[in-house]
Structure formats: structure tokens, C-alpha cells
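> Have a look at this one before I ask anything.
The values are calculated or read from the model by the stated rules, or taken from the named source; none is laboratory data. Note that the structure is predicted; figures quoted are calculated from it, not measured. Cβ coordinates were reconstructed from backbone atoms using ideal geometry, including for glycine residues, and neighbour counts include every protein chain displayed.
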Amino acid sequence: MYIPDHYKNENQQELIGFIHENPFGIIVIQGENAPIASHIPFMIKGSPEDGYHLVGHLSKKNQIAQLLKNSISALIIFNGPQHYISSSWYKEEEVPTWNYIAVHAYGSVSIQSDNALLDSLHELVAQHEKHEKNPVDLTKMRPETMNQYRGVIGFTISINTLEGAYKLSQTRKEDHQSIESELAEKNNFQAIEISNAMKKANHSPLK
């Protein structure tokens, strides 16, 4: 993805953390005539020493399921907060823009065995159920319920490239206070999250 240098985040651990916090991604695979995409949840696993990989699954009826079996590589897109930035908030005349955070992961595809898929499904559900009042436990479900897993295909993406675009008005430091204030007044989730991201970036410069 095209990222001007002043919006580029090359802190790999920060990008890994971003994926942990925003695990619902878009997988993009090249089809016969055009790229094909699907929105699905992922887990990111690994370490700085051994590398990282993404684990996902989707319906076998999904067109991507068949493409995955023959694909060498895939792109996974993880989106964070985004919001329109009015140039009326600036001290000097300028065109409006858009602030956002996005991470792209590129890597090679491999298909999971049935056992690996089941293990991943158990881990995914346990990970997201742990804060629920009455957490779902797949180990306690009836076999006929769990047999639904036979309708999905599991896969991993071994990450070879991570790219992070953190466009947070880095080139307009003199206007940050005004931008953050105006965003906070919007009283919507995306605006507040972008305002918070700008404040965080100000205290911890992107590397």
C-alpha cells in the first residue's frame, strides 16, 4: 500500500498489537478474473524470533475456499478508526483530508488439517468468550452441533510483510489541539478513537 513516510508505522510490535485489538480482517485473494475478498476473524500467533502467522477459517462454500488451496499468497487488511478532517479546524487555509489507521499483512497460504482447524476454533472461541458472563465452551457442545466445523476450511498465513499506515495529522502539529477538540465534540466512536490515537501518537512518536 502507498504510505508517505510521515504516516508510515514501522514498529512491528505495535502493528502486531493492532491486529490483536482489531482481529476482524479482510482477506484478499486473486481470482481467475479479479481479486476476491471476504471479511472474517483472525488470530495472530508467533513471536519476533520465530515470525508471526495469521489463523483463519471460512465456509467451504465461499469462493475463496477453493482459491486458497491453489494460492501462493494472500493479503489481509485490518482497519482501525477513521474520520474526515475538516480544514476549517486549521490555522491556515488548506484542503480537507481523512485520518485513519490500517495495517496490511502479506504472506503465504497453507491449509490446516481437520485437527488443527478444530484446535483453532476452540482457541478462537475461548479467546473471545473469556470476558462473557456465561462463556460458551465448545468442549461441552453436542457432537451434532460441533459437526458444523466440517463445513469450513481452516488456513494459516505466514506473514512475510507487515505495513502500517497511521495517518494522524503528523504534518499539522500546530493544529493538533484544534483537530482533537473538534473530533471529540463529534460524539461518535470513530471521531473519538481518531482523537485518542492522535493524542497517543503525540506522546509516543511513530517509528
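> When residues of segment 23-46 are filtered for being farther than 19 Å from Ala126 by Cβ and either at pLDDT 95 or above or of a type in the set (Val, Ile, Thr) (or both), how many remain?
Matching residues across segment 23-46 total 9.
> Which ones in segment 185-198 are assigned to a helix (DSSP H, G or I) and either in contact (Cβ under 8 Å) with a residue 40 or more places away in the chain or surrounded by 14 or more Cβ atoms within 10 Å (Cβ to Cβ) (or both)?
Phe189, Gln190, Ala191, Ile192, Glu193, Ile194, Ser195, Asn196, Ala197, Met198
> Out of Ile44, Ile77, I need the residue that is of a type in the set (A, V, I, L, M), surrounded by fewer than 19 Cβ atoms within 10 Å (Cβ to Cβ) and touching a residue at least 24 places away in the same chain (Cβ under 8 Å). Which one?
Only one candidate qualifies: Ile77.
> Name the pairs whose Cβ atoms lie under 8 Å apart, with the first residue in segment 141-153 and over 16 Å from Pro41 (Cα atoms), the second of a type in the set (S, T, N, Q), and 6 or more positions between them or separate chains?
Gly151/Ser59
> A further question follows. Just a yes or no: is a residue in segment 177-189 of a type in the set (Ser, Thr, Tyr) and more than 30 Å from Gln63 (Cα to Cα)?
Yes, segment 177-189 contains at least one residue that is of a type in the set (Ser, Thr, Tyr) and more than 30 Å from Gln63 (Cα to Cα).
> If you don't mind, another one. Tell me, yes or no, whether segment 9-18 has at least one residue that is surrounded by 13 or more Cβ atoms within 10 Å (Cβ to Cβ), part of a strand (DSSP E or B) and among the charged types (D, E, K, R).
no
> Tell me, yes or no, whether segment 66-73 has at least one residue that is crowded, with 18+ Cβ neighbours inside 10 Å and either assigned to a strand (DSSP E or B) or in contact with a helix residue (DSSP H, G or I) (Cβ under 8 Å, 6 or more places away or on another chain) (or both).
Within segment 66-73, none of the residues are crowded, with 18+ Cβ neighbours inside 10 Å and either assigned to a strand (DSSP E or B) or in contact with a helix residue (DSSP H, G or I) (Cβ under 8 Å, 6 or more places away or on another chain) (or both).
> Another question about this same structure. Do we have Ala201 as modelled with pLDDT under 95 and hydrophobic (A, V, I, L, M, F, W, C) here?
Details: modelled with pLDDT under 95: yes; hydrophobic (A, V, I, L, M, F, W, C): yes.
So Ala201 fits the description; yes.
> Could you pull out the residue among Ile64, Ile85, Ile72 that is hydrophobic (A, V, I, L, M, F, W, C) and over 28 Å from Glu10 (Cα atoms)?
Ile64
> Next up: Examine segment 136-147 for a residue that is among the charged types (D, E, K, R), surrounded by 14 or more Cβ atoms within 10 Å (Cβ to Cβ) and assigned to a loop (DSSP other than H, G, I, E, B), and state whether such a residue exists.
So far as segment 136-147 goes, no, none of its residues is among the charged types (D, E, K, R), surrounded by 14 or more Cβ atoms within 10 Å (Cβ to Cβ) and assigned to a loop (DSSP other than H, G, I, E, B).
> Can Tyr106 be described as farther than 20 Å from Val28 by Cα and assigned to a strand (DSSP E or B)?
So Tyr106 does not fit the description; no.
> Determine, yes or no, whether Glu182 is surrounded by 12 or more Cβ atoms within 10 Å (Cβ to Cβ) and out of contact with any Leu (no Cβ under 6 Å at 6 or more places or on another chain).
yes
> Please work out if Phe189 is aromatic (Phe, Trp, Tyr), under 23 Å from the mean Cα position of the chain (by Cα) and farther than 17 Å from Tyr100 by Cα.
Taking the combined requirement at face value, the residue does not satisfy it.
> Another question about this same structure. Go through (1) assigned to a loop (DSSP other than H, G, I, E, B); (2) at pLDDT 95 or above; (3) of a type outside the set (Phe, Trp, Tyr) one by one and return the number of the condition Ile101 breaks.
(1)
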